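The structure under discussion appears below in the form of structure tokens.
No value in this document is a laboratory result; all are computed from the given coordinates. Predicted model only: the values in this text are computed from it and were never measured. Cβ placement follows ideal geometry from the backbone for every residue including glycine, while neighbour counts extend to all protein chains displayed.
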Amino acid sequence: MSDREQVFEEVETVPDVGARRELPPALTRHDFEREFGLVGRSRPMLQLYETIEQVAPTDISVLITGESGSGKELVARAIHGLSQRRNGPLVIVNCGAIPEGIIESELFGHERGAFTGAVVTRKGYFEAADGGTIFLDEIGEMPLSTQVKVLRVLEGKEFMRVGSTEIRRVDVRVIAATNRDLWERVEQGQFREDLYYRLNAVNLRVPPLRERPEDIPLLVRKFTQDFCRQNRIEFEGFTESAIRLMQQYPWPGNVRELKNLVESVIVLERGRKVDEFTIARYLKLPSADRRSLPVRIGRPREELEREFLYRALLDLKAEISQLRELILQRLTPLPSLGPWQRSPENEVRVAEVPATPNPAERDISLEEMERELIARTLERYGGNRRRAAKALKISERTLYRKIKEYGLT
């Protein structure tokens, strides 16, 4: 396994492997795939490649934003690999994986005896990245006390180890990433405004997979080829209808979810050619032999999202109806009758039992159900439209349109 293929959970130092080879002056999407693992030919991805090429040769700080699993680390690798620092180290730090009590020591190092357990002097990740790039993933999880010191490094290229009064200088480029709304964190007092502006000199947004469905066939092919080659597995592939179904799925887990699905299917289906019905089962969509097909292909994305929402509403209505029947059965048990006889005077009729009005008893239009579901989801997430859209498995754009359409503002 090469260094580019290794997986690191907390910290990674990428040695200089093949970095001295000069890259072509103008990269194509094939170059980005071959060099950095970025796959896509959609307009959002081509725009992302162009921006990477523009900012990479500079030393400007970059903030990479995007949903979890969308490929932010690959973008950071590409920026470093195309920069003047590509012969230096790339140190990757997952700020969310380091406990608050030791994150300062991990980032800036410590002197011997600085705290209990500090038996030797230790360099931090900023020193390890000297002359190269440090990638601070999940920057939004960093404690406020540590943010002050990161800001000092950004502005003055200097810091102090824990337990030391000596000022040390470091030459490092900072790339940060987050899947959260950093400005919202600023407004909540959980992220420094000055650090936000310093990091946000250039903001690169990695598009979620649902915004670039035309890239899914390329990603499926790459994941299939890589996995089969690494594990020496024979696999017949996916049918065109299976690929089309994957293109219509919203992918809340983005590229990471797609990769996991492809690898699971290859292993569990034992090399068979996989059709849309099999994929529907892995995606937990309704199977073809139930009341509806997973999705009917060849329709606009907004219409498909509306159908997913309607199906959720129909399932909810069915569950409410079943729950009502169960409650009525428990409230009105039938009396025991003797063998081969019926006792009319002891009969208990459901209609005679007083019941509170139930919305499930009247006809409800799909529009009313949709409005109620959106309203309740927004209330559940405190009005956070991004989280509500994710829970409903629709795009934010569709949610905004529905809110306006139903007067939920």
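If you go through the range 219-252 and keep only what is surrounded by fewer than 17 Cβ atoms within 10 Å (Cβ to Cβ), in contact with a Gly (Cβ under 8 Å, 6 or more places away or on another chain) and not acidic (Asp, Glu), you end up with just Ile233. Got at least one residue in the range 105-116 being buried (at least 20 other Cβ atoms within 10 Å of the Cβ) and within 20 Å of Asp59 (Cβ to Cβ)? So far as the range 105-116 goes, yes, one or more of its residues are buried (at least 20 other Cβ atoms within 10 Å of the Cβ) and within 20 Å of Asp59 (Cβ to Cβ). Here the condition is being in contact with a strand residue (DSSP E or B) (Cβ under 6 Å, 6 or more places away or on another chain) and of a type outside the set (Lys, Arg); of Thr58, Thr65, Thr28, Thr121, it holds for Thr65 alone. Please verify whether the range 137-160 includes one or more residues that are part of a strand (DSSP E or B), touching a residue at least 60 places away in the same chain (Cβ under 8 Å) and within 22 Å of the chain's Cα centre (by Cα). Yes, the range 137-160 has at least one match. In this entry, Asp215 passes the filter for residues that are more than 24 Å from Leu144 (Cα to Cα) and in a helix (DSSP H, G or I).
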